[in-house]
Amino acid sequence: MSITVGGEWHCSEGVEVEDAASQLLDIMLPLVAHATPLVMAQLGQSLDGRIATECGASYYVTGQEGLVHLHALRAVVDAVVAGAGTVAMDDPRLTVRHVTGDHPVRVVLDPRGRVPEHRFVFEDDSAPTLHLVGHAHVARWQDCHERHGHDVSVCGLEVAEDGVDPRAVIDLLGRQGLARVLVEGGGMTISRFLQRGCLDRLHSMVTPMIIGSGRPTLTLPVIECLSQAMRPSARHYTLGDDVLFDLDFTTVAETGIN
């Protein structure tokens, strides 16, 4: 795997190229060596556990190294999933630009069909896009994308009162040959995948910033004591001013720790 920025290895001041390459390999090897299917997520957060301000502004919570890392993750998966709120608010590209590698399939998880029609992922042809909506919205969105000339595939999902079952999303993507999946946002989407036990790994990038208010990183059911908290095995790395925590949830499942 070759990851470059501007034709050179990207590393922080005082860090040798060889050290940066070694760290990159150490971070990525568990992902590329993991037997499929692989479902992981990535979050960028402040020290006080916020991913955005109250109004949803999130550019840029993490630094340049964090952005490069995110694009490196996109380059080693088959599909990148973003929830309706993230696509509506951030209008992300979900492509690989800061590293070498192929673009993943962009998956918009939009069970209620509420994402605005004019979003980059629908109008850009540099990577395939899969729009997942509730069955009741399939016909409308197929007509919408065809009318605008968008090369977007639309698939229907069962939608319960509490939303879409993440396992149904994983199964649908698996049937389309998309076995390596990155759930990129937002916080509620990642929380749902984590709550349902669907994540193998979580990369949490923490930046030395205190926002003091805004949107929380994860929202999970209330627990009464810390013995009920998830305690996955963890590794950590310094990327510029940020610290990356690589959390392995397969150990939680295997040991029964919770």
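The values are calculated or read from the model by the stated rules, or taken from the named source; none is laboratory data. Please read these numbers as outputs of a predicted model, since none were measured by experiment. Here the Cβ positions follow ideal geometry from the backbone for every residue, glycine too, while neighbour counts run over all protein chains shown.
Some observations on this one:
- Residue check for A72: of a type in the set (A, V, I, L, M), within 24 Å of L172 (Cβ to Cβ) and in a helix (DSSP H, G or I): no
- The set of residues in segment 97-130 being of a type in the set (A, V, I, L, M, F, W, C), under 23 Å from R167 (Cβ atoms) and touching a His at 6+ places or on another chain (Cβ under 6 Å) consists of V108 alone.
- Looking only at residues of segment 146-160 that are surrounded by fewer than 19 Cβ atoms within 10 Å (Cβ to Cβ) and under 24 Å from the mean Cα position of the chain (by Cα), we find that the one that is modelled with the lowest pLDDT is D151.
- The residues of segment 195-241 that are of a type in the set (A, V, I, L, M) and under 21 Å from T251 (Cα atoms), listed by number, are L199, L202, M205, L218, L220, I223, L226, A229, M230, A234.
- Some residue of segment 90-110 being assigned to a helix (DSSP H, G or I) and within 21 Å of T53 (Cα to Cα): yes
- Residue that is surrounded by the fewest Cβ atoms within 10 Å (Cβ to Cβ), among those in segment 176-232 that are of a type in the set (S, T, N, Q) and either under 25 Å from H69 (Cβ atoms) or in contact with a strand residue (DSSP E or B) (Cβ under 6 Å, 6 or more places away or on another chain) (or both): T219
- D242 buried (at least 20 other Cβ atoms within 10 Å of the Cβ), charged (D, E, K, R) and more than 30 Å from V138 (Cβ to Cβ): yes
Per-residue answers, yes or no, for (1) closer than 15 Å to V152 by Cβ; (2) of a type in the set (A, V, I, L, M, F, W, C); (3) buried (at least 21 other Cβ atoms within 10 Å of the Cβ); (4) touching a Phe, Trp or Tyr at 6+ places or on another chain (Cβ under 7 Å):
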{"residue": "A52", "(1), (2), (3), (4)": "no, yes, yes, no"}
{"residue": "C55", "(1), (2), (3), (4)": "no, yes, no, no"}
{"residue": "Y59", "(1), (2), (3), (4)": "no, no, no, no"}
{"residue": "Q64", "(1), (2), (3), (4)": "no, no, no, no"}
{"residue": "D78", "(1), (2), (3), (4)": "no, no, no, no"}
{"residue": "A88", "(1), (2), (3), (4)": "no, yes, no, no"}
{"residue": "R93", "(1), (2), (3), (4)": "yes, no, no, yes"}
{"residue": "V99", "(1), (2), (3), (4)": "no, yes, yes, no"}
{"residue": "D102", "(1), (2), (3), (4)": "no, no, no, no"}
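- Tabulated pairs, segment 234-249, first closer than 20 Å to G197 by Cα, second among the basic types (K, R), C-beta under 9 angstrom, 6+ apart or interchain: F245/R235; D246/R201; D246/R235; L247/R201; L247/R235; D248/R201; D248/R235; F249/R201
- Residue ranges of helices (runs of 4 or more DSSP H) in segment 144-258 with at least 2 members closer than 30 Å to A20 by Cβ and out of contact with any His (no Cβ under 6 Å at 6 or more places or on another chain): 187-195, 250-255
Conditions tested, residue by residue: (1) touching a residue at least 40 places away in the same chain (Cβ under 8 Å); (2) of a type in the set (D, E, K, R).
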{"residue": "D125", "(1), (2)": "no, yes"}
{"residue": "R140", "(1), (2)": "no, yes"}
{"residue": "H145", "(1), (2)": "no, no"}
{"residue": "S153", "(1), (2)": "no, no"}
{"residue": "G156", "(1), (2)": "no, no"}
{"residue": "E161", "(1), (2)": "no, yes"}
{"residue": "D165", "(1), (2)": "no, yes"}
{"residue": "L173", "(1), (2)": "yes, no"}
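- Residues located in segment 26-68, provided they are within 22 Å of P216 (Cα to Cα) and hydroxyl-bearing (S, T, Y): S46, T53, S58, Y59, Y60, T62
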